[in-house]
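Take a look at the structure set out below.
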Amino acid sequence: QRRVYIIPSGFGLFFAVMMLAILAGALNYNNNGALLFGLLAVSLGAVSMLQTFRNLDRLSLIQVGADPVHAGDPLHLSFHLRCEDLRTRFAVTLRLDGELRHVEIAPGGSTQVEFALPSGARGWYQPAPMRISTNWPFGLFHAWSYLHSDVRVLIYPRPESPPAPLPRLPDPGRIGGAD
């Protein structure tokens, strides 16, 4: 729970300023209807903050899979996410190296998310931490966290294309005995 970060979105800041203006006007003019509306909207904002946090709470990364590739071929990473309680996760966004995926996770279930990333130089590749975020339910708050994995993928050297032809005749210096 300490690794889920939450801040108000731009729309959330606008909403807060509008609610402050409505509440100030309602108190100034002693308008009970406007005061009731303002306090109701503020309480909906507080519930929205709780639901945005709970949309990412108790999500876990259970497996990361990838196969070795040749340099220049797309690298396919597969992330398995699991929901550890009985709540559906709506509008969850995953970001890895600039690519976005939007998923919904069933209660108590798991989902698989695929990324196809360009492979660079040969050698071991370790993906950066994946950012998981949400703005659900009303877009007033933005919550995010990072999922770290210890997977390493081997990127092989690119084979020569077209391959060099094999010699047609044997080397005369190598056949027979040495004189």
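Things worth noting here:
- Test result for residue 164, farther than 30 Å from residue 14 by Cβ, part of a loop (DSSP other than H, G, I, E, B) and either touching a His at 6+ places or on another chain (Cβ under 9 Å) or hydrophobic (A, V, I, L, M, F, W, C) (or both): yes
- Per-region count, region 79-91, residues in a strand (DSSP E or B) and either of a type in the set (Lys, Arg) or out of contact with any Phe, Trp or Tyr (no Cβ under 8 Å at 6 or more places or on another chain) (or both): 5
- Applying the set (1) outside any loop (DSSP other than H, G, I, E, B); (2) over 30 Å from residue 113 (Cα atoms); (3) without any contact (Cβ under 8 Å) to a residue 12 or more places away in the chain; (4) not hydroxyl-bearing (Ser, Thr, Tyr) to residue 30 leaves exactly one unmet item: (1).
- Test for residue 107: is it closer than 21 Å to residue 54 by Cα and open to solvent by 40 Å² or more (accessible area, probe 1.4 Å): yes
- Identity of the residue in region 82-99, open to solvent by 20 Å² or more (accessible area, probe 1.4 Å) and hydrophobic (A, V, I, L, M, F, W, C), that ends up farthest from the chain's Cα centre (by Cα): 86
- Qualifying residue in region 163-177 (condition: open to solvent by 40 Å² or more (accessible area, probe 1.4 Å), within 13 Å of the chain's Cα centre (by Cα) and not hydrophobic (A, V, I, L, M, F, W, C)): no
- Here 45, 72 are screened, and the one residue that is under 30 Å from residue 122 (Cα atoms) and not β-branched (Val, Ile, Thr) is 72.
- Of all residues in region 23-43, those that are among the aliphatic types (A, V, I, L, M), within 30 Å of residue 134 (Cβ to Cβ) and open to solvent by less than 90 Å² (accessible area, probe 1.4 Å) total 3.
- Some residue of region 12-27 being under 21 Å from the mean Cα position of the chain (by Cα) and either free of Cβ contacts under 8 Å to residues at least 24 places away in the same chain or part of a strand (DSSP E or B) (or both): no
- The one condition in (1) open to solvent by 50 Å² or more (accessible area, probe 1.4 Å); (2) within 30 Å of residue 151 (Cβ to Cβ); (3) among the polar types (S, T, N, Q); (4) in contact (Cβ under 8 Å) with a residue 60 or more places away in the chain that residue 51 fails to fulfil: (2)
- Flag if residue 20 is out of contact with any Leu (no Cβ under 6 Å at 6 or more places or on another chain), at pLDDT 95 or above, surrounded by 14 or more Cβ atoms within 10 Å (Cβ to Cβ) and among the hydrophobic types (A, V, I, L, M, F, W, C): no
- Tally of residues being over 19 Å from residue 112 (Cβ atoms) and surrounded by 15 or more Cβ atoms within 10 Å (Cβ to Cβ) across region 72-81: 0
The values are calculated or read from the model by the stated rules, or taken from the named source; none is laboratory data. On a predicted model such as this, the values are computed, not experimentally measured, just so you know. Cβ atoms come from the backbone with ideal geometry, glycine included; neighbour counts cover every protein chain shown. Surface accessibility is based on the protein's heavy atoms, side chains included, excluding ligands, DNA and RNA. Shrake-Rupley method; radii C 1.70, N 1.55, O 1.52, S 1.80 Å.
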